[in-house]
Amino acid sequence: MITIKSEREIELMRHAGMLVSKMHQFIKPYIKAGISTYELDQLCEKFILDNDAVPTCKGFEGYPNALCTSINSVVVHGIPHKEDILKDGDIITIDVVIGYKGYQGDAAWTYAVGEVDSDKKYLMEHTEKALLEGLKMVKPGNRIGDISNAVQTYAEEHNLGVVRELCGHGIGKEMHEDPEVPNFGIPNTGPRLKPGMVICIEPMLTFGKRDVYLLDDEWTVVTQDDSPAAHYEHTVLVTEDGYEVLTPRLD
Ligand code: MF3
Ligand code: CO
């Protein structure tokens with residue numbers, strides 16, 4: 001069931017989304033060679049708790065941490081570890097869900113560690129742009145397939161692989177609600193957008209082939225060809241005449 005949020009619920013989701021944005025802004029200066037993903041996780045968890053909010057991922061289906069930290073060929077759901085130390089030239093996706101008074105905000109961004117090569121720069125630039133292409137389709141009357149197709153078309157025009165095993169989603173009291181928001185699809189298909197719906201659009205794109213596999217930890221998703229992957233995600237409200245990003249970039 002796709003829920004329509006009330007004004008009160010939207011206010012709480014704005015707050016949750018803004019905390020997600022502020023946490024990304026907070027952690028950015030720490031993303032440097034030498035720090036471990038575990039340390040990033042600890043800093044963010046403290047930031048979240050200090051803001052009277054909840055690190056929703058921690059404990060979700062047994063997930064152990066506040067953040068997902070996905071380095072290079074890890075597409076999503078990388079688990080923070082003390083032994084995973086960032087190096088110059090890495091890219092890392094920080095993905096977080098924060099709960100505030102029972103409502104969730106969710107956003108992922110890929111960051112460069114020091115100077116990264118031109119392939120990784122290209123991947124990051126065009127994954128973020130694919131998300132923006134999806135966003136442009138968000139308005140009442142349009143359908144989920146319009147978003148999916150816009151993301152896929154942009155990604156494939158730029159020779160990037162579209163990971164199909166994972167997709168975006170509705171969000172509200174739960175981090176994953178209806179509808180599913182795939183990153184590939186056909187225009188004018190799927191559920192119709194209405195004011196008050198809130199969805200997460202989150203292209204996960206690869207520099208090589210789109211195939212992925214799951215590590216034995218049952219969380220970490222990695223590209224089969226070891227090519228780097230990027231992931232950008234916003235929580236987005238459907239408004240009367242378009243959309244409002246609830247997790248705006250503050251940089
Ligand atoms: N942002 C991620 C998602 O939408 C968060 C899930 S991580 C989990 O899938 F560990 F909590 F599952
Ligand atoms: Co998400």
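The values are calculated or read from the model by the stated rules, or taken from the named source; none is laboratory data. In this text, all values refer to a predicted model and were calculated from it rather than measured experimentally. Heads up, the Cβs are rebuilt from the backbone with ideal geometry, glycines too, and the neighbour counts pull from every protein chain shown. SASA here: full protein model, heavy atoms, side chains in, ligands and nucleic acids out. Shrake-Rupley method; radii C 1.70, N 1.55, O 1.52, S 1.80 Å.
Summary of values
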read-out	value
Cleavage-rule hits (GluC sites (Glu not before Pro)) in region 118-182: DSSP loop, at most 13 neighbouring Cβ within 10 angstrom	Glu165
Partner lysines for Lys139 [C-alpha distance under 21 Å; skip if fewer than 8 residues away on the same chain]	Lys5, Lys129, Lys194
Two-decimal ratio, the chain, of alpha-carbon radius of gyration to 2.2 N^0.38 Å	0.94
Per residue accessible area of the chain, 1.4 Å probe, in Å²	43
Volume per residue of the C-alpha convex hull in region 13-52, rounded to whole Å³	55
Candidate lysines for bridging to Lys82, where Cα separation is under 19 Å - those fewer than 8 sequence places away on the same chain excluded	Lys28, Lys32, Lys46, Lys58
Modelled FRET efficiency - R0 30 Å, Glu244 with Leu49, Cβ distances, 0.05 increments	0.65
Carbon + sulfur, % of accessible area of region 73-120 - ligands and nucleic acids excluded, 1.4 Å	47
Inter-label distance, nm, simple model (7 Å from Cα along the C-beta direction), Asp251/Ile85	2.3
Whole-percent carbon and sulfur share, accessible surface of region 199-251, 1.4 Å	46
FRET efficiency, Thr153 to Lys121 (Cβ-Cβ, R0 25 Å, nearest 0.05)	0.70
Ser118 accessible area, 1.4 Å probe, all protein chains in place, Å² to nearest 10	90
